[in-house]
Amino acid sequence: MEGLSAKEVADRLGVETATVYAYVSRGALERLPGTDGRRSRYDPDQVEELARRTRPRSTRRRTGAVDVVIGTTVSEIGDGWVRYRDRDLGELAATAGFEEVCGLLWTGELAAPPPPTATGADVERAVEALPAGATIDARLATAAVVVGCRTEPTPMELVHALVTALSPIGDDPGPAATVAERLWPRVSPLPANAARVRALEVALVLLAEHELATSTLAVRVAASTGAAPASCVLAGLGAVAGPLHGKAAIAVHRQLLEGAEPTERGPLQGFGHSVHRSGDPRYAPLLAVATGIAAPRVRQQTAQVGRRTRTDPPPNVDAALGALAFAAEMEVGVTEAVFSIARTAGWLAHAHEEADEPPLRFRGRTRYRGPRADPS
């Protein structure tokens, strides 16, 4: 087992590296020999247990929160950094395509899976049958249901089906195109070009996975029951359908359209993160490509989306996604589709991994808080 470095342990525990060594000297943490014979490593499970034991009462999660920690090989995050299969996310966003990242998350190899063979006509028919004004949530869920009716659909079929669920508003490049190429004319009225499609692809890569977010936990719970991949994706989509997960970029986009200044915007949207307290590493690369495709008249406004007051926390990826939507002239609300399609890559990786775990392991218990019946 490779284990964590001392710096990674310090980041996870929120302490200085010297404190990590103090934990070792007190026997609270065990050193493992490094593969190079020199640098010590540390057991991730032991570090997580120590994190739970040493979390100060004043910084514990809000009352009623459920703390779930599971082992995974899919991704790892800490304050200011994200890794997919131990590959730095910033490097992946700069050099890899979304399909390659899907392959990395699903198989551990940075290689694009074969493209889907299904045409998507069944998804188109089902979506067209929805009532007028059907929400993005409904369209994506319908696509997942349809794919679940196919015989052994591939993970890439599921991703492309979600893209197909959105009606094109520009020239459709056809089913053989990449996810980003197919998605662009469905989310933006601007003609596709290399820079614009690449900006969208960077967003897909950066949003593909982020550890055990609420929707991913829902996916793993579904997978633990033996649910098929399409049903697991439905569980994730159900979590995103709520207003509190995957939709913050909508508010940022709306604020940009209204031209709100930081001091005028009201409740903060797109700022702060429970893990990335010193800054979300996904924000800067996504804002850079969003600014790069913005028209000159809105470029400065796009670039300043993360401008904050003195007391604001750092901007997060939602701020940058809102900026991309603004620069791409998307309709308000479309960022939810970008998020869900991207995150399906991570959901499917977690669903596959969960299949190797003991089934039905997410069996929580409740503590009754209601009134007691009068014994008399």
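Here residue 339 meets the list (1) in a helix (DSSP H, G or I); (2) within 23 Å of residue 98 (Cβ to Cβ); (3) not polar (S, T, N, Q); (4) not assigned by TED's automatic domain parsing to the domain that holds residue 230 almost entirely, failing just condition (4). Residue 346 meets the conditions (1) farther than 30 Å from residue 134 by Cβ; (2) under 13 Å from the mean Cα position of the chain (by Cα) in every case but one. The failed one is (1).
State whether one or more residues within the stretch 175-198 are of a type outside the set (Val, Ile, Thr), more than 22 Å from residue 331 (Cβ to Cβ), without any contact (Cβ under 8 Å) to a residue 40 or more places away in the chain and in a helix (DSSP H, G or I).
So in the stretch 175-198, the residues of a type outside the set (Val, Ile, Thr) come out as 175-177, 180-186, 188-196, 198.
If we keep only those that are more than 22 Å from residue 331 (Cβ to Cβ) too, we end up with 175-176, 194.
Filter once more, keeping what is without any contact (Cβ under 8 Å) to a residue 40 or more places away in the chain: 194.
Checking which are in a helix (DSSP H, G or I) leaves us with 194.
Within the stretch 175-198 (the criterion being of a type outside the set (Val, Ile, Thr), more than 22 Å from residue 331 (Cβ to Cβ), without any contact (Cβ under 8 Å) to a residue 40 or more places away in the chain and in a helix (DSSP H, G or I)), the answer is yes, since at least one residue qualifies.
Among the residues examined, residue 303 does not qualify as small (Gly, Ala, Ser), touching an Asp or Glu at 6+ places or on another chain (Cβ under 7 Å) and not assigned by TED's automatic domain parsing to the domain that holds residue 69.
In the set 154, 135, 107, 142, only one residue is surrounded by fewer than 14 Cβ atoms within 10 Å (Cβ to Cβ) and β-branched (Val, Ile, Thr); that residue is 135.
Results for (1) more than 16 Å from residue 156 (Cα to Cα); (2) not aliphatic (A, V, I, L, M), shown as yes or no for each residue.
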{"position": "89", "(1), (2)": "yes, no"}
{"position": "93", "(1), (2)": "yes, no"}
{"position": "100", "(1), (2)": "no, yes"}
{"position": "109", "(1), (2)": "no, yes"}
{"position": "115", "(1), (2)": "no, yes"}
{"position": "119", "(1), (2)": "no, yes"}
{"position": "124", "(1), (2)": "yes, yes"}
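Just checking, does the stretch 136-150 include any residue being assigned to a loop (DSSP other than H, G, I, E, B), without any contact (Cβ under 8 Å) to a residue 24 or more places away in the chain and of a type in the set (Gly, Ala, Ser)? Scanning the stretch 136-150 turns up no residue that is assigned to a loop (DSSP other than H, G, I, E, B), without any contact (Cβ under 8 Å) to a residue 24 or more places away in the chain and of a type in the set (Gly, Ala, Ser). Here is a check on your reading of the model: is residue 242 more than 18 Å from residue 105 (Cβ to Cβ) and outside any helix (DSSP H, G or I)? Criteria met by residue 242. Do we find a residue being under 27 Å from residue 195 (Cα atoms), more than 16 Å from the chain's Cα centre (by Cα) and in a helix (DSSP H, G or I) anywhere in the stretch 115-129? Taking every residue of the stretch 115-129 in turn, none turns out to be under 27 Å from residue 195 (Cα atoms), more than 16 Å from the chain's Cα centre (by Cα) and in a helix (DSSP H, G or I). Each residue in the stretch 105-134 was checked for being farther than 18 Å from residue 209 by Cα and in contact (Cβ under 8 Å) with a residue 60 or more places away in the chain, and 1 pass.
The values are calculated or read from the model by the stated rules, or taken from the named source; none is laboratory data. These numbers were taken from a predicted model, which means no experiment stands behind them. Positions of Cβ are generated from backbone atoms using ideal geometry, with glycine treated the same way; all protein chains shown enter the neighbour counts.
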